[in-house]
């Protein structure tokens, strides 16, 4: 949201006389969202439960806790110190009380009866100050988070380059956004595919349109459901025609609010491990066959 499209301001009106709250709503209700409170305690409770109040209109003469005490307490609350407070009173309109109002944090002071048009103009001004300040704070927060994410991304990128396993980072559409050196080295040993060999392999489909093992389904499950998959088997052809065995683990990549925005695919080349398993299995078969041949009839 920018300065040119500020939302209708939320005005907290505090007065123990309901007739006065009705009057304020009649004056301000068409341009502002008026939130009524019939006591200082109720006003403080409202402020504790919501962070979107832009201006406070406060009566001074109220039982139990007057407006001065309420303003002093509100200024100490988290997130409320910069909310403009405007006192409206028919009793405390002499200089000592006006000065006391400013001392406890008020920005303005209206005596009853007040001019409705002047009140509307001033409430609009104070509300826009508060809203613009909130926008600037939000922008500053977003900039800080962006800078933190950028620094984290740089650290992650440097870390990925030093890992012995391959790592692929995708966006929510499954498009590859980052790979480390181990993945590139792995792809260089693959048989060339249609167009870019690396691009075809990392697109999760072979050049003949067939999926690369179970990886596309596992990736889709992660991106759509947020579910992780481990040890997904993939068989890919090497440049010399021999098969290469790959094991993949897919995990969701989430933003600061916990929404899935992509996936991380950890790639292990298990070709040698699988070859050892096959050689061992073949050796055991030969031993069993030889033992059966030598066994007496």
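The values are calculated or read from the model by the stated rules, or taken from the named source; none is laboratory data. Every value quoted in this text rests on a predicted model; they were computed, and no experiment measured them. Glycine gets a Cβ as well: all are built from the backbone with ideal geometry, and neighbour counts include every protein chain shown.
Is segment 38-50 home to any residue that is at pLDDT below 90, closer than 22 Å to residue 132 by Cα and either in a loop (DSSP other than H, G, I, E, B) or assigned by TED's automatic domain parsing to the domain that holds residue 115 (or both)? I'd like the intermediate steps shown before the answer.
Applying the first criterion (at pLDDT below 90) to segment 38-50 yields 50.
Remaining after also requiring closer than 22 Å to residue 132 by Cα: 50.
If we keep only those that are either in a loop (DSSP other than H, G, I, E, B) or assigned by TED's automatic domain parsing to the domain that holds residue 115 (or both) as well, we get 50.
The answer is yes; a qualifying residue exists.
Give me the pairs, please: first residue somewhere in segment 115-138 and in the same structural domain as residue 23 (by TED's automatic domain parsing) and over 17 Å from residue 12 (Cβ atoms), second residue anywhere and at pLDDT 80 or above and assigned to a helix (DSSP H, G or I), beta-carbon distance under 6 Å, and either six or more positions apart or on two chains.
116/27
Assess whether residue 24 counts as being surrounded by 20 or more Cβ atoms within 10 Å (Cβ to Cβ) and either within 29 Å of the chain's Cα centre (by Cα) or on the phi > 0 side of the Ramachandran plot (or both). Even if it seems obvious, please write down each step before you answer.
Numbers: surrounded by 20 or more Cβ atoms within 10 Å (Cβ to Cβ): yes; either within 29 Å of the chain's Cα centre (by Cα) or on the phi > 0 side of the Ramachandran plot (or both): no.
Spelling it out, it is not the case that residue 24 is surrounded by 20 or more Cβ atoms within 10 Å (Cβ to Cβ) and either within 29 Å of the chain's Cα centre (by Cα) or on the phi > 0 side of the Ramachandran plot (or both).
Test residue 151 against the stated conditions and say whether it is at pLDDT 65 or above, out of contact with any strand residue (DSSP E or B) (no Cβ under 7 Å at 6 or more places or on another chain), assigned to a helix (DSSP H, G or I) and closer than 28 Å to residue 85 by Cα.
Details: at pLDDT 65 or above: yes; out of contact with any strand residue (DSSP E or B) (no Cβ under 7 Å at 6 or more places or on another chain): yes; assigned to a helix (DSSP H, G or I): yes; closer than 28 Å to residue 85 by Cα: no.
Answer is no for this residue.
Can you find, within segment 5-14, the residue that is surrounded by the most Cβ atoms within 10 Å (Cβ to Cβ) among those that are in contact (Cβ under 8 Å) with a residue 60 or more places away in the chain and in a loop (DSSP other than H, G, I, E, B)?
Within segment 5-14, the match that is surrounded by the most Cβ atoms within 10 Å (Cβ to Cβ) is 9.
Between a residue in segment 176-188 that is within 16 Å of residue 253 (Cα to Cα) and any residue that is modelled with pLDDT under 75, which pairs come within a Cβ distance under 6 Å, given they are 6 or more apart or on different chains?
Final answer for the pair search is 176/202.
If you go through segment 219-230 one residue at a time, do you hit one that is modelled with pLDDT of 65 or more, touching a strand residue (DSSP E or B) at 6+ places or on another chain (Cβ under 8 Å) and in a strand (DSSP E or B)?
Yes, segment 219-230 contains a residue that is modelled with pLDDT of 65 or more, touching a strand residue (DSSP E or B) at 6+ places or on another chain (Cβ under 8 Å) and in a strand (DSSP E or B).
Within segment 76-119, take every residue that is touching a strand residue (DSSP E or B) at 6+ places or on another chain (Cβ under 8 Å), within 20 Å of residue 50 (Cβ to Cβ) and not in a strand (DSSP E or B) and give me the one that is modelled with the lowest pLDDT.
105
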